[in-house]
Amino acid sequence: MKSAGAEIEALELRLLLEAIHEKSRYDFRGYSFASLKRRLGQARDRFSCASFSELQHRVLHDPKFVPLLLPYLTVQVSELFRDPSYFLALRTQVLPHLRTYPSLKVWVAGCSAGEELYSLAILFREEGLESRTIFYATDINTEALKRAEAGIYEIERIALFSENYRKAGGRTSLSDYYTAAYGSAKFDQTLRHRTVFSDHSLVSDSVFAEMHLVSCRNVLIYFNRELQDRAVGLFKDSLVRRGFLGIGAKESLRFNKEAEAFSEYCRPERIYQRT
Ligand SMILES: C[S@@+](CC[C@H](N)C(=O)[O-])C[C@H]1O[C@@H](n2cnc3c(N)ncnc32)[C@H](O)[C@@H]1O
């Protein structure tokens, strides 16, 4: 049983999320509670507030405050070629199928600072599909979207990225795709010439149509069951028949309301095909 203190804290957190929803265009009310509680707990300490109610007070009375909370509300962890076996499976099992289409649309939903997008752009270039593909890279975190457009990462991250790239079946050296200067690695800007960056929420916005591949990794994990159903419904309506959906290693469509619209294409890599 929850203690009275824990119950009040949960109520305060719910009211904070309501205030954020009322005062901004962000709706986190259907996100997984435990993880929000932990991260907003960090925000509470960072902004020297004694409780979630105090944070709520700031949200209600300071219009500039919600953007300061956004880094705590959205998790930005990512890597180039994160879970390399996923990208290897795309390379060997999905791209040969996509090659049969004259033009392609790929949606990277919840793209964070662009690591997943650049991984896909490199993959599509190496497999000769880049010139017929348009990428849509979307996220609710506009600062992350700006970083995605810039394509600049700390040089310390490159060793991990290169190792992932190699394991993902990379055909050359990752250094062919970036220039190193002043402690940063700037990725080749032509990699994103065919990308449309856009502020889009899987919670409240509508479909992007006629996609051939939707890659939405490590995002559903932060949603409750109802929101996961909504997001997967969007992917279903966005995909052409026989189009592909890739989700994160810890995620599954197993209990999803829309699961019947998909078949398992590559089970270990959580790649599904729209039936
Ligand atoms: C952990 S990152 C995943 C990044 C990348 N897809 C990967 O797997 O490495 C989760 C991303 O989902 C985004 N996100 C959270 N809620 C979202 C929503 N409602 N609509 C779109 N993106 C969302 C966050 O801003 C964050 O950039």
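The values are calculated or read from the model by the stated rules, or taken from the named source; none is laboratory data. These figures come from a predicted structure and were not determined experimentally. Counting neighbours? That spans all protein chains shown, and the Cβs are built from the backbone with ideal geometry, glycine included. Calculation scope for accessible area: heavy atoms of the full protein, side chains included, ligands and nucleic acids excluded. Shrake-Rupley method; radii C 1.70, N 1.55, O 1.52, S 1.80 Å.
Of the residues making up segment 166-186, just one is in contact (Cβ under 8 Å) with a residue 40 or more places away in the chain, outside any helix (DSSP H, G or I) and of a type in the set (A, V, I, L, M, F, W, C), namely Ala168.
Summed over segment 126-136, residues that are of a type in the set (Phe, Trp, Tyr) and either at positive phi or open to solvent by 10 Å² or more (accessible area, probe 1.4 Å) (or both) total 1.
Every residue, every condition in (1) of a type in the set (S, T, N, Q); (2) open to solvent by less than 40 Å² (accessible area, probe 1.4 Å); (3) part of a loop (DSSP other than H, G, I, E, B); (4) touching a strand residue (DSSP E or B) at 6+ places or on another chain (Cβ under 8 Å), yes or no:
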| site | (1), (2), (3), (4) |
| --- | --- |
| His21 | no, no, no, no |
| Asp27 | no, yes, yes, no |
| Arg39 | no, yes, no, no |
| Glu54 | no, no, no, no |
| Leu60 | no, no, no, no |
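Look at Pro102 and say whether it is within 14 Å of the ligand (Cβ to nearest atom) and over 18 Å from the mean Cα position of the chain (by Cα). Considered against the rule, which asks whether it is within 14 Å of the ligand (Cβ to nearest atom) and over 18 Å from the mean Cα position of the chain (by Cα), Pro102 comes out as no.
For Ile158, indicate whether it is under 19 Å from Ala180 (Cβ atoms), open to solvent by less than 40 Å² (accessible area, probe 1.4 Å) and away from the ligand (no atom under 13 Å from the Cβ). So Ile158 passes the test. Taking segment 92-118 as the range and being of a type outside the set (Gly, Ala, Ser) and surrounded by fewer than 19 Cβ atoms within 10 Å (Cβ to Cβ) as the test, the residues that pass are Thr92, Gln93, Pro96, His97, Arg99, Thr100, Tyr101, Pro102.
Quick one: is Arg147 farther than 23 Å from Arg241 by Cα, in the same structural domain as Phe208 (by the TED database), open to solvent by 10 Å² or more (accessible area, probe 1.4 Å) and more than 16 Å from the ligand (Cβ to nearest atom)? In short, no. Of the residues contained in segment 181-195, one or more are found to be among the acidic types (Asp, Glu), modelled with pLDDT of 95 or more and within 20 Å of Gly128 (Cα to Cα). Note on segment 229-263: residues that are open to solvent by 20 Å² or more (accessible area, probe 1.4 Å) and within 11 Å of the ligand (Cβ to nearest atom) amount to 3. Checked against (1) open to solvent by 20 Å² or more (accessible area, probe 1.4 Å); (2) β-branched (Val, Ile, Thr); (3) out of contact with any Lys or Arg (no Cβ under 8 Å at 6 or more places or on another chain); (4) away from the ligand (no atom under 11 Å from the Cβ), Ile271 passes all but a single condition, namely (1). Looking at segment 222-260 only, could you name the residues that are of a type in the set (Phe, Trp, Tyr) and at pLDDT below 95? Result: Phe255, single match. Across segment 174-186, the qualifying residues are those that are of a type in the set (Ser, Thr, Tyr) and open to solvent by 50 Å² or more (accessible area, probe 1.4 Å), and the one among them that is farthest from Ile122 (Cα to Cα) is Tyr182.
Which one of these is closer than 26 Å to Lys250 by Cα and surrounded by fewer than 20 Cβ atoms within 10 Å (Cβ to Cβ): Leu70, Leu123?
Going through Leu70, Leu123 in turn, just one is closer than 26 Å to Lys250 by Cα and surrounded by fewer than 20 Cβ atoms within 10 Å (Cβ to Cβ): Leu70.
Candidates are the residues of segment 187-228 that are in contact (Cβ under 8 Å) with a residue 60 or more places away in the chain, buried (at least 16 other Cβ atoms within 10 Å of the Cβ) and more than 18 Å from Glu116 (Cα to Cα); the one that is nearest to the ligand (Cβ to nearest atom) is Val203.
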